[in-house]
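Only one structure is covered here, and it is reproduced in the block below.
Rule-based calculations on the coordinates, nothing more; no lab input. Here the structure is a predicted model, which means the values were calculated and not measured. Cβ atoms come from the backbone with ideal geometry, glycine included; neighbour counts cover every protein chain shown.
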Amino acid sequence: MDRQPSTPILSDMAYRTMNETAPYLSVLLPVYNEVDNLRPLYEDLKAVLDTLHHPYEILLIDDGSQDGSVAEIRALAAENPAVKAIILRRNFGQTAAITAGLDHAQGQILILMDADRQNDPRDIPALIKPLAQGFDIVSGWRKNRQDPFLTSVLPSRIANWIIGKLTGVRIHDHGCTLKAYRRDILENVSLYGETHRFISIFGHWIGAKVTEIEVHHHPRTRGKSKYSIAKSFKVLLDLPLLILLGTYLTRPMHFFGKIGGGFSLLGFLCACSVLYEKWVDPLAKAHRNPILLLAVFFALMGVQILMIGLLAELITRVYHESQQKKTYFVAEKIGLEPKQTQP
Ligand code: UDP
Ligand code: MG
């Protein structure tokens with residue numbers, strides 16, 4: 001995406017005077033049975049992060065590993081106070097692990113990456129550079145992806161193309177976990193199911209400026225991949241939800257209205273054709289015309305979908321009002337005092 005950025009992030013100096021000790025960078029790593037990858041990954045990461053001269057934390061989120069990863073995480077955390085960890089009670093999935101990490105990370109800049117060493121920590125300096133130029137999300141693009149072509153690379157290319165078309169976020173690699181985010185963007189994003197791949201899209205909806213850079217990608221050398229080809233189908237199943245959430249969350253009737261209206265129109269056309277036949281040939285029997293069935297079917301579908309639209313309108317009101325969710329996101333306030341509350 002080549003939209004021009006407008007708001008610069010805090011300059012390093014400004015940030016340091018505000019808060020000398022809190023981490024500026026948080027690197028979040030979901031871990032599920034990656035025992036052999038953890039120490040080499042930590043060493044690679046530390047080598048890169050130490051060169052950046054920013055306070056940082058490495059936040060490991062153990063997602064129910066059974067292979068000794070937890071013991072390794074404890075050992076790393078004991079060695080270096082910059083290593084912090086969250087141990088989940090069981091395997092909740094990568095998205096839930098990432099959410100747990102986001103809930104606890106303290107940095108102003110959050111970097112997500114896989115813990116299997118397929119992403120390369122050496123990309124981090126280049127990844128955070130566009131944030132200083134005013135972008136809010138920088139996505140990695142694994143141009144030379146080192147995964148099986150038929151089961152991973154090809155389905156992901158097709159999914160990326162469809163997602164780009166549907167959402168308007170035209171980056172090459174939505175599935176690449178290695179991304180950098182400004183903290184305030186992620187504070188307004190909720191993740192469910194396996195939607196961590198869509199964080200850039202959720203960010204785009206609330207006005208984040210998204211860009212991408214090429215990153216390295218390595219074959220997995222230790223441990224096993226946790227996903228199969230079914231992953232791409234799941235991504236496709238999430239797409240209708242993406243469209244509904246992205247464009248129609250505050251006006252679902254426009255979404256369901258179009259579909260319901262289309263069905264009603266089809267029903268009406270079928271009914272007209274039945275009447276026309278009767279008009280041309282007064283002896284024709286309408287109940288012997290199969291199109292009559294179609295007319296009834298389409299009309300019923302149309303009414304049902306319109307009613308679902310009405311229900312969705314009610315649900316979105318409950319969603320926004322019960323959780324006091326805003327239908328807008330503010331980038332900056334100028335000359336406004338914090339609102340006075342009534343005593
Ligand atoms: N992962 C996780 N929970 C899961 C599945 C995966 O925390 O239920 C982690 C895994 O340890 C790795 C990252 O998510 O750090 C990506 O997983 P994987 O490498 O298996 O995915 P692939 O690269 O094969 O798509
Ligand atoms: Mg991997």
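Over the stretch 264-319, the hull volume per residue, using the convex hull of the C-alpha atoms, is 55 Å³.
Estimated at 0.36 nm per residue, the fully extended path between Leu314 and Ile87 surpasses their Cα-Cα distance by 77.9 nm. Annotation: the stretch 180-237 has a Kirkwood hydrodynamic radius of 13.9 angstrom, from the mean reciprocal C-alpha pair distance.
A simple count of charges around Pro40, restricted to other residues whose Cβ falls under 15 Å of its Cβ and scoring Lys, Arg +1 and Asp, Glu -1, yields -3.
Run a plain Debye calculation on the stretch 135-210 (Cα atoms as equal point scatterers, no solvent) and give log10 I(q)/I(0) at q = 0.24, 0.26, 0.27 Å⁻¹, rounded to two decimals, same order as the q list. After summing over all Cα pairs, the log10 values are -1.18, -1.32, -1.38.
P(r) tail for the chain: Cα pairs beyond 25 Å make up 61% of the total. With unit charges on the beta carbons (Lys and Arg positive, Asp and Glu negative) and the dipole taken about the Cα centre of the chain, which residue among Ser322, Val280, His218 sits farthest to the positive side? The Cα lying farthest towards the positive end belongs to Val280. With 29 Å as the limit, the listed pairs Lys165/Lys231; Lys165/Lys326; Lys129/Lys231; Lys143/Lys165; Lys46/Lys231 have Lys129/Lys231; Lys46/Lys231 beyond it between alpha carbons.
Applying 1/(1 + (r/R0)^6) with R0 = 51 Å to the Cβ-Cβ distance of Phe329 and Lys224 gives a FRET efficiency near 0.80. On a 0 to 90° scale, report how tilted helix 94-104 is relative to the longest principal axis of the chain, with both axes built from alpha carbons and the result rounded to the nearest 10. Helix 94-104 sits roughly 60 degrees off the main axis of the chain. Annotation for Asn80 and Cys272: the two label points, set 7 Å from Cα along the Cα-Cβ direction, are 7.1 nm apart. Across the stretch 36-166, counting alpha-carbon atoms alone, Rg and Dmax equal 16.2, 47 Å.
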